[in-house]
Each structure stands twice: as C-alpha cells, then as structure tokens.
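> Sharing a structure below in structure tokens format, with a few things to ask.
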Amino acid sequence: MTSQPPPRPAAKSYDGEGIVVGFDAHRCLHAAECVRGLPTVFDVDRRPWVQPDNAPADEVAEVIHRCPSGALQYHRTDGMPDEVPDVPTHVSLHADGVLHVRGDLEVATPYGPRHETRVMLCGCGATANRPYCDHSGSCAGHG
C-alpha cells in the first residue's frame with residue numbers, strides 16, 4: 001500500500017477591488033519582484049502584507065506576472081482576463097540547478113497535476129516541496 005502525502009495547505013488569498021491575489025509561502029523564493037515592483041501593495045513589514053486595493057488591478061497583475069516562482073498568482077474579478085501563459089513556453093536552467101519555466105504548464109505533483117504559468121522547479125532533487133524548488137538542496141547557497 002502506497003501512502004499518500006498529506007494535503008498541501010492552500011495558498012492564502014487577499015481580496016481586492018477587481019482582483020484576488022493568491023500567495024503560496026511554500027513556493028516563495030524571495031526574488032522580491034513584488035516588493036520592488038509595488039511596495040504599496042506588497043510590504044512584508046505590514047499585516048496583511050498584501051493589500052491589493054493600494055494599486056489598480058492592472059498594475060497588481062503586471063507585478064505578479066514578474067514573480068518567477070509562481071508563489072504569487074491572481075484571479076481577476078473585474079471581467080478582465082486572468083494571467084495568460086507565455087507563448088512559447090520558456091525553460092531555463094540556472095547555475096544553481098533551478099529550472100525556471102514559464103508557459104501553459106501542467107506540473108505533476110504528489111497532490112496531483114497542477115495548471116501553472118510560472119514555476120521554479122528543483123533540479124537537485126533535495127526539495128521538501130516536490131517538484132518546486134525550496135532552496136534546501138545544493139542550490140541553498142544561491143538563494
């Protein structure tokens with residue numbers, strides 16, 4: 001009998017006017033695109049740290065699209081489209097062994113397949129968050 005992994009905690013969500021921002025702390029590798037891009041919305045010293053109403057929904061979506069790990073995602077509630085995957089799909093292997101992938105993706109996880117548009121996948125196999133990189137393996141010194 002194969003044991004199943006425990007269910008993965010859901011991402012936190014932050015509701016704003018016209019946009020809902022999702023954040024999965026297990027996927028965040030602190031690229032800081034969010035805090036540099038819109039510090040009025042993303043401020044780690046404030047609670048809640050995500051305040052989507054502090055900028056127009058279009059700006060929030062544009063900054064979230066910069067998040068390489070996919071830890072930040074969004075759903076538009078104002079009739080505008082959700083994130084459109086990059087075409088063509090782009091894969092790059094970084095020197096630390098992390099695979100950066102952008103496109104229309106289906107990622108096999110221990111919890112079943114997930115539709116993704118941006119991910120950072122573990123190249124060394126030492127992650128505790130398979131298949132996503134968590135910088136716990138040989139890439140830890142590069143985070």
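The values are calculated or read from the model by the stated rules, or taken from the named source; none is laboratory data. Computed from a prediction, not measured in an experiment: that's the story for all the values here. Note that each Cβ is placed from the backbone with ideal geometry, even for glycine, and that neighbours are counted across all protein chains shown. Just the protein is used for accessible areas: all its heavy atoms, side chains included, with ligands, DNA and RNA removed. Shrake-Rupley method; radii C 1.70, N 1.55, O 1.52, S 1.80 Å.
> Probe radius 1.4 Å, ligands and nucleic acids left out: which of TYR74, TYR132 has the largest accessible area, and how do the rest follow?
Working: TYR74 40, TYR132 5 Å².
Listed by decreasing accessible area, they come as TYR74, TYR132.
> Given the Cα-Cα distance of HIS90 and GLU17 and 0.36 nm per residue of separation, how much length would full extension add, in nm?
On the way: separation 73, 0.36 × 73 = 26.28 nm, distance 3.16 nm.
Going from the current span to full extension adds 23.1 nm.
> Which part of segment 82-111 falls in the paramagnetic zone of ALA128, meaning amide N under 18 Å from the point 7 Å along Cα-to-beta-carbon?
Output list for this probe position: 110-111.
> Continuing with the same structure: Taking square-rooted eigenvalues a ≥ b ≥ c of the alpha carbon gyration tensor, is segment 29-86 rounded, prolate or oblate, where a/c under 1.5 means rounded and, failing that, a/b exceeding b/c means prolate? Show your work: numbers first, answer last.
Values: a/c = 2.10, a/b = 1.25, b/c = 1.68.
Here segment 29-86 falls in the oblate category.
> Can you put GLU106, GLU116 in order of accessible area, largest first, using a 1.4 Å probe? Can you show the working numbers first?
Working: GLU106 150, GLU116 5 Å².
If we order GLU106, GLU116 from most to least accessible, we get GLU106, GLU116.
> Would you mind working out the accessible area per residue for segment 46-143, using a 1.4 Å probe, and quoting it in Å²? Could the numbers behind the result be given before it?
Values: 5230 Å² over 98 residues.
Result: 53 Å² per residue.
> Using 0.36 nm per residue of separation minus the Cα-Cα distance, give me the extension gain between VAL35 and ARG47 in nm, one decimal. Kindly include the intermediate steps, with their values, before the conclusion.
Details: separation 12, 0.36 × 12 = 4.32 nm, distance 1.39 nm.
This chain segment gains 2.9 nm when fully extended.
> Roughly speaking, to the nearest percent, how much of segment 17-62's 1.4 Å accessible area is carbon and sulfur?
Numbers: 1300 of 2410 Å².
Its accessible area is 54 percent carbon and sulfur atoms.
> Name the most mobile residue of SER92, SER69, SER13, meaning the one with the largest mean-square fluctuation, in a Gaussian network model of the chain with Cα contacts below 10 Å.
SER92
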